[in-house]
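Student: This is the structure I have questions about; it appears just below.
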Amino acid sequence: MSRIVRGGLIQCSNPINDDSRPVAEIKQAAFEKHLPFIDQAGEKGVQILCLQEIFNGPYFCPSQDSKWCDTSESIPGPTIEALIPYAKKYEMVLIVPIYEREQAGVYYNSAGVIDADGTYLGKYRKNHIPHTAGFWEKYFFKPGNLGYPVFSTRYAQVGVYICYDRHFPEGARLLGLNGAEIVFNPSATVAGLSQYLWKLEQPAHAVANGYFMGCLNRVGTEAPWNIGKFYGTSYFVDPRGQFLAEGSEDDDELVVADMDLDVIEEVRRTWQFFRDRRPETYEDMVELLP
């Protein structure tokens, strides 16, 4: 009997594009906007649901304004606690990307994972932090220090990779070696070169590592920074690189796909990439080279 898992991705625009408003108000509005979509996912039988990068707020990294640090919180913390009842109600795994405060002045771009019974399983901290025009993330986030964990949920072995991480094959490989069956990549990325890469890199990770990926991106344009259009197009891709479901470029929506995890075994018996790896020849890769 096939192991079918129904996955869901929520892509949303930011409801308040006015940074003169209190940041707590902006954060709460973004949180509340997602709740009907979470309910919709539960009603559609979604078993694993992922929210977008820093889902409960705007993508504030163009600003370099420390007031956005006030939107950070501990993981687990208030947002995780508020979503645990939804996980229990719908028996749904939730991947919750938020701005994490570890201690005063120490912040991470993270995602907490809640199991289908409401148990908090742990978190992933974004490892690769960009710092370029419009994406001043090193101002707000330290690089992750928790490695590439895989979470044993009720339905599947789940890994998380966040936005800019997707440009790095090394972490994607480690998630596969650590046992991931589905890897989710919540993102905030705007039109330009990345739009071409959006449908190139992540299917390649899925194929190279023989797992499914759920890739999601927010939509809309966020004032006052206006760094570009977040182009949505959230999708699921299988270990053969085939697209299972895809969202629009503009709409707030829930993207749903059924994933047959038995396909992982079938694909890996054909493409024996894990068997044929030669890690003893890759030593130069881990040296501190330019």
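The values are calculated or read from the model by the stated rules, or taken from the named source; none is laboratory data. From a predicted model like this one, the values you see are computed outputs, not experimental measurements. As a convention, Cβ positions derive from the backbone with ideal geometry for all residues, glycine included, and neighbour counts pool all protein chains shown.
Student: Does LEU9 satisfy being within 22 Å of CYS163 (Cα to Cα), free of Cβ contacts under 8 Å to residues at least 60 places away in the same chain and under 16 Å from the mean Cα position of the chain (by Cα)? Walk me through how you get there before you give the answer.
Tutor: Working: within 22 Å of CYS163 (Cα to Cα): yes; free of Cβ contacts under 8 Å to residues at least 60 places away in the same chain: no; under 16 Å from the mean Cα position of the chain (by Cα): yes.
No, not satisfied.
Student: Here are TYR164, TYR124, TYR155, TYR148: which of them is touching a Leu at 6+ places or on another chain (Cβ under 8 Å), on the phi < 0 side of the Ramachandran plot, surrounded by 17 or more Cβ atoms within 10 Å (Cβ to Cβ) and outside any strand (DSSP E or B)? Write out each step before concluding.
Tutor: Values: TYR164 fails: touching a Leu at 6+ places or on another chain (Cβ under 8 Å); TYR124 fails: outside any strand (DSSP E or B); TYR155 fails: touching a Leu at 6+ places or on another chain (Cβ under 8 Å).
Going through TYR164, TYR124, TYR155, TYR148 in turn, just one is touching a Leu at 6+ places or on another chain (Cβ under 8 Å), on the phi < 0 side of the Ramachandran plot, surrounded by 17 or more Cβ atoms within 10 Å (Cβ to Cβ) and outside any strand (DSSP E or B): TYR148.
Student: Right, next: With the requirement that a residue be touching a His at 6+ places or on another chain (Cβ under 8 Å) and not aliphatic (A, V, I, L, M), what does the range 5-26 give you?
Tutor: Filtering the range 5-26 for residues touching a His at 6+ places or on another chain (Cβ under 8 Å) gives 10, 12.
Passing the criteria: only CYS12.
Student: Return the residues of the range 99-114 that are more than 24 Å from ARG173 (Cα to Cα) and surrounded by 17 or more Cβ atoms within 10 Å (Cβ to Cβ); say none if nothing qualifies.
Tutor: At the first step, the residues of the range 99-114 found to be more than 24 Å from ARG173 (Cα to Cα) are 99-107.
TYR99, GLU100, ARG101, TYR107, listed by residue number.
Student: Let me ask something else. Under 7 Å by Cβ, and 6 or more places apart or on different chains, what pairs join a residue from the range 133-156 that is within 19 Å of ALA172 (Cβ to Cβ) with one that is surrounded by 16 or more Cβ atoms within 10 Å (Cβ to Cβ) and of a type in the set (S, T, N, Q)?
Tutor: Taking only residues 6 or more apart or on different chains, the pairs are PRO143/ASN127; GLY144/ASN127; VAL150/GLN157.
Student: Condition (residue is free of Cβ contacts under 8 Å to residues at least 60 places away in the same chain, under 13 Å from the mean Cα position of the chain (by Cα), in a loop (DSSP other than H, G, I, E, B) and crowded, with 20+ Cβ neighbours inside 10 Å) applied to the range 174-189: is it met by at least one residue?
Tutor: Within the range 174-189, the subset free of Cβ contacts under 8 Å to residues at least 60 places away in the same chain is 174-175, 178-180, 183, 185, 189.
Those still in the list that are under 13 Å from the mean Cα position of the chain (by Cα) too: 183, 185, 189.
Now restrict to residues that are in a loop (DSSP other than H, G, I, E, B): 189.
Cutting the leftovers down to crowded, with 20+ Cβ neighbours inside 10 Å gives us 189.
Checking the range 174-189: at least one residue is free of Cβ contacts under 8 Å to residues at least 60 places away in the same chain, under 13 Å from the mean Cα position of the chain (by Cα), in a loop (DSSP other than H, G, I, E, B) and crowded, with 20+ Cβ neighbours inside 10 Å.
Student: A further question on this structure: Among the listed residues ILE95, ILE54, ILE80, ILE84, which satisfies the condition of being in a strand (DSSP E or B) and surrounded by 15 or more Cβ atoms within 10 Å (Cβ to Cβ)? Give the steps one after another, and end with the answer.
Tutor: Numbers: ILE54 fails: in a strand (DSSP E or B); ILE80 fails: in a strand (DSSP E or B); ILE84 fails: in a strand (DSSP E or B).
None of the others qualify; the one that does is ILE95.
Student: Just for the range 190-202: of the residues that are at pLDDT 95 or above and not in a helix (DSSP H, G or I), which one is nearest to TYR235 (Cα to Cα)?
Tutor: LYS199
Student: It is to be established whether one or more residues within the range 17-37 are in a loop (DSSP other than H, G, I, E, B) and surrounded by 16 or more Cβ atoms within 10 Å (Cβ to Cβ).
Tutor: Filtering the range 17-37 for residues in a loop (DSSP other than H, G, I, E, B) gives 17-22.
If we keep only those that are surrounded by 16 or more Cβ atoms within 10 Å (Cβ to Cβ) too, we end up with 17, 19.
Yes; the residues of the range 17-37 include at least one that is in a loop (DSSP other than H, G, I, E, B) and surrounded by 16 or more Cβ atoms within 10 Å (Cβ to Cβ).
Student: Which pairs have Cβ atoms under 7 Å, sit 6 or more apart or on different chains, and link a residue in the range 261-288 that is under 19 Å from GLU181 (Cβ atoms) and among the aliphatic types (A, V, I, L, M) to one that is exposed (fewer than 12 other Cβ atoms within 10 Å of the Cβ) and at pLDDT below 95?
Tutor: none
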